[in-house]
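The structure under discussion appears below in the form of structure tokens.
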Amino acid sequence: MNGTNKKNSKNIKKALSVFAAMMLMGSMCACSTQNAAEAADQTTEQTSQEEQKEATYLTKEDITVNEEITNDGDGEHAIEVNGEEKEYSNIGVTKTGEADGDEADFYGENSAVYALEKGTLTIKDSLIETDGTHANAVFSYGEGTVVNIADSVIETSGNCSGGLMTTGGGTMNAQNLTISTSGNSSAAIRSDRGGGTVTVDGGKYTTSGKGSPVIYSTADITVNDSYMESTSAQGVVVEGKNSVTLNNDTLVADNNSKNSDKSDWYQAVMIYQSMSGDAAEGTSSFTANGSTITNKNGDVFFVNNTATEISLTDTAITNEDAEGLFLRAAAAGWGNEGSNGGKVNLTASKQTIDGGITVDEVSTLNMYLKDSSAFNGYINSDGQNGDVYVEIEDGSTWKITADSYVSGLTVSEGAAIDLNGHKLYVDGKEYTEGSASTGEAFEIASSDGQSSGMPGDGQAPPDGGNGGPGGQAPSGGNGGQPPEKPEGGKPGSN
């Protein structure tokens, strides 16, 4: 090689070295930028949820009332919109009076504000208060009926008196509300037979009564950017073929009282089928995106006597009960013995899961860890019971905190599973850390035992069901036929 070629060669090598260094620096900068962006996103989410907790929400003192509307008749309404379109603002609604049973829970009897027969009701900047048994505050009944309520305060104090109530396929749209309920079986956001569609944007929703979750769903319920807290019951209950979706919400649940003797466990989120005949059979769903869930007593999730899809994405979940589980799929007092377990598809994306999982002999779990999710916990530490399949996508991890037993496992070769000094058994065989495994998921579907209940069989729902003090009946939800409203309104209604 002559001198010129050597010089060119050195120059080329030098140029390549400089280029490589620039590429490395660019990569590092890109990585740093990406990490900074991710950290910023996480900080934004945390800040948003802290803001939800500390935010100043509407109070009664914030409402300017220009018109008072009152009703104290049993079974009557302060406002009724029947097949027409009406709008109210800056009103103060006060409702007392009593009602009982299906007429109130299914058809809206004795509710303060009532819309039916494809009516459209809009309420803004108002105060609604009820004090009576089965005195729901705002009720949307029937397909084609729409209630829009915004910037208002709702308080109920009687048993079976929800804040927002939707049945028979009605629609409820709520924005920036403050709702508090103190009676038994009085969810802030409720539905019942025939279900419907409920959308809540912003605001604060609290319950303190026995058997009063913030949300009792036998409908499709979506809550966005809101603060929710229960101090006696679950935070959320989903019954039958229905759904709850939380987007950027804060949920705090302290379930510490029982409205039924069907189960010994406490939990933040319960998904089940009561067998009362009011909730349609089928696969339910619970979805949380970018939210915060804090459980103060018992387990985070409890699934029994139904099939469900649980989807968690980038949601901060904290269980303050050191003895509580992350998920319990197990039989309880609903359904037919031997076929009344919980059947769960659990999908985690960009999600951290901390805590144990128990799947009993009549239950099934398919668990999917995706998009850099991390599971720090165990599954069935006492030995193999129900069918359990775990699938770990590349980039996701499982750090085992106690000996675990699963039926099937799919994981690529590598370090996705950290045994952490414990043992993992797959279909009875001990798993070797770092090895690949291929398994198959189990079918998740409602069984005959989960669809054979008949109305009136006396199996009470735990929160808001027939049989408890002030019990609210569960609902028919999606797929069920809405009940027909008896003809005629109540005398004395506006």
Exclusive hit being crowded, with 24+ Cβ neighbours inside 10 Å and touching a strand residue (DSSP E or B) at 6+ places or on another chain (Cβ under 8 Å), set S232, S263, S284:
S284
For the range 128-152, name all the residues that are surrounded by 23 or more Cβ atoms within 10 Å (Cβ to Cβ) and either assigned to a strand (DSSP E or B) or at pLDDT below 95 (or both).
I128, T130, V138, F139, S140, Y141, V147, I149
Does the range 62-74 include one or more residues that are without any contact (Cβ under 8 Å) to a residue 60 or more places away in the chain, on the phi < 0 side of the Ramachandran plot, surrounded by 16 or more Cβ atoms within 10 Å (Cβ to Cβ) and charged (D, E, K, R)?
yes
Let me confirm something: among Y389, Y425, which residue is in contact with a Gly (Cβ under 7 Å, 6 or more places away or on another chain), outside any loop (DSSP other than H, G, I, E, B), modelled with pLDDT of 95 or more and not hydrophobic (A, V, I, L, M, F, W, C)?
Y389
So which residues in the range 359-399 are over 23 Å from the mean Cα position of the chain (by Cα) and of a type in the set (D, E, K, R), if there are any at all?
E361, D382, D387, E391, E393, D394, K399
When you look at E443, is it at pLDDT 50 or above and either of a type in the set (V, I, T) or within 30 Å of D192 (Cα to Cα) (or both), yes or no?
yes
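Of these, S311, S339, which one is of a type in the set (S, T, Y) and either over 18 Å from S263 (Cα atoms) or in contact with a Pro (Cβ under 8 Å, 6 or more places away or on another chain) (or both)?
On the way: S339 fails: either over 18 Å from S263 (Cα atoms) or in contact with a Pro (Cβ under 8 Å, 6 or more places away or on another chain) (or both).
Step by step, each of S311, S339 is checked, and only S311 is of a type in the set (S, T, Y) and either over 18 Å from S263 (Cα atoms) or in contact with a Pro (Cβ under 8 Å, 6 or more places away or on another chain) (or both).
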Return yes or no: is E103 in contact (Cβ under 8 Å) with a residue 60 or more places away in the chain, surrounded by 15 or more Cβ atoms within 10 Å (Cβ to Cβ) and in contact with a Lys or Arg (Cβ under 9 Å, 6 or more places away or on another chain)?
no
Got at least one residue in the range 173-180 being within 26 Å of N255 (Cα to Cα), of a type in the set (V, I, T), surrounded by fewer than 24 Cβ atoms within 10 Å (Cβ to Cβ) and in contact with a strand residue (DSSP E or B) (Cβ under 7 Å, 6 or more places away or on another chain)?
yes
Using beta carbons and a limit of 6 Å, which pairs, at least six apart or on different chains, have the first residue in the range 269-280 and closer than 13 Å to S217 by Cβ and at pLDDT below 90 and the second one charged (D, E, K, R) and assigned to a loop (DSSP other than H, G, I, E, B)?
D278/R193; A280/K241
Taking G471, is it closer than 30 Å to E117 by Cβ, at pLDDT below 95, surrounded by 15 or more Cβ atoms within 10 Å (Cβ to Cβ) and touching a strand residue (DSSP E or B) at 6+ places or on another chain (Cβ under 9 Å)?
no
Within the set of pairs 6 or more residues apart or between chains, which connect a residue that is farther than 18 Å from T315 by Cα and touching a residue at least 12 places away in the same chain (Cβ under 8 Å) inside the range 212-240 to a residue that is in a strand (DSSP E or B) and of a type in the set (F, W, Y) with Cβ atoms less than 6 Å apart?
V214/Y205; V237/Y216; V238/F286
For T250, only one of the following conditions fails: (1) among the β-branched types (V, I, T); (2) over 18 Å from I189 (Cβ atoms); (3) in contact with a helix residue (DSSP H, G or I) (Cβ under 9 Å, 6 or more places away or on another chain). What is its number?
(2)
How many residues of the range 375-386 are assigned to a strand (DSSP E or B) and surrounded by fewer than 19 Cβ atoms within 10 Å (Cβ to Cβ)? The answer is 1
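Which is under 19 Å from K60 (Cα atoms) and either touching a Phe, Trp or Tyr at 6+ places or on another chain (Cβ under 9 Å) or without any contact (Cβ under 8 Å) to a residue 12 or more places away in the chain (or both), of S208, S180?
Of the residues listed, the single one that is under 19 Å from K60 (Cα atoms) and either touching a Phe, Trp or Tyr at 6+ places or on another chain (Cβ under 9 Å) or without any contact (Cβ under 8 Å) to a residue 12 or more places away in the chain (or both) is S180.
Does S291 fit the bill of being in contact with a strand residue (DSSP E or B) (Cβ under 6 Å, 6 or more places away or on another chain) and at pLDDT 95 or above?
Yes.
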How many of the residues making up the range 187-229 are surrounded by fewer than 24 Cβ atoms within 10 Å (Cβ to Cβ) and assigned to a loop (DSSP other than H, G, I, E, B)?
3
Quick count over the range 328-343, residues being in contact (Cβ under 8 Å) with a residue 60 or more places away in the chain and assigned to a strand (DSSP E or B), is 3
For S437, which of the numbered conditions (1) touching a residue at least 40 places away in the same chain (Cβ under 8 Å); (2) over 25 Å from D314 (Cβ atoms) fails to hold?
(1)
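The values are calculated or read from the model by the stated rules, or taken from the named source; none is laboratory data. Everything numeric in this text was worked out from a predicted model, so none of it was measured. Neighbour counts run over all protein chains shown; Cβ positions are idealised from the backbone, glycine included.
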